[in-house]
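These notes concern the structure reproduced below.
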Amino acid sequence: MHREIIHVGESLRRQSHVGLYLLTGAVGVLLCLDIWPAVAGWVQTTWGIPWPSGWGTGLTLFGTEYRYALLAALLGGARVLYGVFEGLLAGRVGADAALALAVVAAILIG
């Protein structure tokens with residue numbers, strides 16, 4: 001009887017982290033957009049170099065303006081909350097639950 005030896009099972013294969021990298025990049029871009037007007041104003045007052053002040057202070061949705069930092073917190077917090085719910089369904093509770101609670105509290109505080 002012949003049996004094939006498989007050295008790498010499904011659980012040991014390398015996972016692709018492209019989605020995580022893209023999410024991290026999106027959060028970084030949103031944070032840069034949020035602090036850009038302050039940095040441009042500082043450069044202009046300190047060195048007298050006129051920089052464009054950016055794209056406003058946030059994104060307007062349904063008549064309400066939301067800061068880019070809040071959108072970054074929502075994106076990053078959604079990833080953490082997904083991990084917490086996945087862990088809870090598997091019967092695991094870790095430090096990420098405290099982080100998720102802190103993210104939700106920070107978003108509600110504003």
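Where a number appears in this text, it was derived from the coordinates with a stated rule and is not lab data. Since the structure is predicted, the reported quantities are computational estimates derived from the model, not experimental observations. Ideal geometry is used to build each Cβ from the backbone, glycine not excepted, and the neighbour counts take in all protein chains shown.
Only helices enter this figure: runs of n ≥ 4 DSSP H residues, each worth -39500 (n - 2.57), summed and divided by the residues of the chain, yield -21500 deg cm²/dmol at 222 nm to the nearest 500. For R79, neighbours were defined as the other residues whose beta-carbon sits under 12 Å from its Cβ, and their charges (Lys and Arg +1, Asp and Glu -1) total -2.
If one computes P(r) from the Cα atoms of the chain, what percent of pairs lie at distances over 17 Å? Intermediate values should be presented prior to the final figure.
On the way: 4219 of 5995 pairs.
In whole percent, the long-distance tail amounts to 70.
Arranged from highest to lowest average of other beta-carbon atoms within 10 Å per residue, in what order do the peptides 86-95, 69-78, 20-29 appear? Each step should come with its number before you reach the end.
On the way: 86-95: 10.0, 69-78: 16.6, 20-29: 12.6.
Taking the mean over residues of other Cβ atoms within 10 Å, the ranking is 69-78, 20-29, 86-95.
Label positions at L88 and I107, each projected 7 Å from the Cα along the C-beta direction, are separated by 1.4 nm. Counting only Cβ charges, +1 for Lys and Arg and -1 for Asp and Glu, the dipole size of the chain around its Cα centre is about 200 debye. Cβ crowding within 10 Å, taken as a proxy for footprinting-reagent exposure, orders I35, I109, I49 from fewest neighbours to most as I109, I49, I35. Near the amide H of W51, within less than 5 Å, lie the amide hydrogens of Q44, all on another chain or at least 5 residues away, with H placed in the peptide plane.
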